[in-house]
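For reference, the structure discussed in these notes is given below.
FYI, it's all coordinate maths here, none of it is from the lab. The structure presented is a predicted model; accordingly, all values stated were derived computationally and were not measured. All Cβ positions, even for glycine, are placed from backbone atoms using ideal geometry, and neighbour counts span all protein chains on display.
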Amino acid sequence: MGGLSASKPGWSLDTINKQIDAGRPVVIGVDYKAGSNGGANGTDHWVAVTRREGNTYFANDPATGKEISLKLQGGKLVGGPSNYKSTGELVTFSGGNPKPGTAPAGGGNTPAPTNPTTPSASGNASIKGLDLPTGDLEKGAKGAAVKQLQTALVKLGHMTQAEMNTGPGVFGPKTEAALKEFQAANGVPNTGYYGPLTRAAFKKLGADVGGTSGTGGTGGTGGTGGSSGPGPVTGPSNEPGTKGGVSLAQLRKIMPNLSQAKAEQYLPHLNKAMAEAGINTPKRQAAFLAQLAHESGEFRYMEEIASGAAYEGRKDLGNTQPGDGVRFKGRGPIQITGRSNYRAAGKALGIDLENNPKRASDPDVGFRTAAWYWNSRNLNKYADSGDFKELTRRINGGYNGLADRQKYYQRALDVLT
């Protein structure tokens with residue numbers, strides 16, 4: 001199957017609507033500098049329109065890295081941080097196999113293509129049989145896996161050999177920009193994050209995904225003692241009903257404020273942890289995800305905002321040494337707290353969390369600590385019986401935030417059953 005190709009048709013809102021409704025982004029030119037002598041029609045900037053609601057269009061803006069809204073006024077799209085006005089230039093994509101709903105629905109972490117005036121089509125012949133890593137990768141990663149990714153991007157024309165030679169095996173700004181361009185050209189949310197959806201796009205072009213595991217996908221905030229736990233894992237299928245896991249679409253429906261980039265980053269670690277803990281039925285998954293969504297603000301906070309000083313001297317949490325309150329504050333999506341919990345979780349997972357507590361906020365460890373906490377209190381039992389209130393009490397020690405937890409629980413049940 002051939003990859004996507006790009007074209008620059010005449011300005012037409014009907015064309016834009018049909019494209020974004022089909023799940024394809026449309027890159028449009030905008031003018032915001034009076035007398036700037038930009039390109040055709042005064043174009044001096046580009047944004048990627050991804051969705052619409054009535055006469056409001058939402059676009060990813062590379063100037064801010066955030067999603068902006070544009071209003072339809074007099075046949076033009078107007079708005080954004082600098083009062084953008086569409087110039088009549090647009091780039092559309094065709095070919096491939098678009099799936100409605102794959103365009104990012106928000107979150108602000110999906111910048112537009114870095115060079116939308118020259119989007120390139122990806123042909124499967126050029127990377128057929130080329131090895132690509134199975135693990136996740138992002139900016140800051142280093143090693144053989146990154147070099148494999150760079151090689152593929154060079155072969156597909158999204159990166160030059162000279163650009164790769166400035167940092168072979170280093171996931172820097174040039175690699176990120178090239179990856180975003182590849183993603184935009186292949187119907188993948190252009191996050192610059194090498195995750196399950198991007199691997200699937202490369203695989204469709206003939207790449208052999210599975211050559212080398214990633215070595216720097218998330219970047220730890222603290223060193224590890226003893227075993228470092230599991231490395232990057234292969235993302236499970238994104239189809240509904242995946243045994244032992246949930247799909248990307250399901251996760252974002254349950255947690256609508258979770259950005260596309262974060263969802264793609266966290267999903268493999270979440271599904272791996274649920275599989276390990278036997279959280280493998282819709283009722284168990286719904287209860288687990290509801291509690292995590294409430295505790296972490298839909299995975300926004302992997303570390304407690306407060307300093308942790310309030311836990312100082314709490315012997316019931318095992319905080320017996322000066323500074324333990326701050327040192328063992330809440331971390332991970334379920335916010336495990338206290339020296340005792342860190343010690344027990346670390347022992348169960350083979351990770352020295354007591355001496356490296358910040359590791360609990362890293363996704364490869366944080367989701368496993370949540371699953372450990374869940375199983376250590378036999379919470380699948382209460383999930384199976386549908387006793388969500390008692391399950392909440394056993395996590396919280398009371399019923400704080402019960403209404404919010406129940407809201408997520410009901411939504412998760414609706415999505416998963």
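Observations
- Least to most buried among V49, V415 (fewest other Cβ within 10 Å first): V415, V49
- Applying 1/(1 + (r/R0)^6) with R0 = 45 Å to the Cβ-Cβ distance of K389 and S69 gives a FRET efficiency near 0.70.
- Gain in span if fully extended, N280 to L402, counting 0.36 nm per residue against the direct Cα distance: 41.6 nm
- Under 5 Å, built H, 5+ apart or other chain: amide partners of E89: G29
- Over all other residues within a Cβ to Cβ distance under 12 Å of R252, the charged ones net out to +1, with Lys and Arg as +1 and Asp and Glu as -1.
- ³J(HN,Hα) computed for each position of the range 358-366 - Karplus, 6.51 cos²θ - 1.76 cosθ + 1.60, integer Hz, glycine/proline x: 5, 4, 5, 8, 6, x, 5, 9, x
- Within the shell of other residues whose beta carbon sits under 13 angstrom from the beta carbon of N190, the net charge comes to -3, with Lys and Arg scored +1 and Asp and Glu -1.
- Pairs from the table (K203/K253; K142/K174; K76/K262; K155/K203; K66/K174) lying more than 24 angstrom apart at Cα are K203/K253; K76/K262.
- Separation in nanometres of the label points that stand 7 Å from Cα toward Cβ, at T56 and K347: 5.3
- The range 124-209: proportion of alpha-carbon pairs further apart than 17 angstrom, %: 36
- Relative contact order (%) - the range 5-94, alpha-carbon pairs under 8 angstrom, separation at least six: 36
- For the range 5-94, the convex hull drawn through the C-alpha positions has a volume of 92 cubic angstrom per residue.
- Added length on full extension, which subtracts the Cα-Cα distance from 0.36 nm per residue, K203 to K128: 26.1 nm
- Each other residue within a Cβ distance under 15 Å of K347 adds +1 if Lys or Arg and -1 if Asp or Glu, for a net charge of +2.
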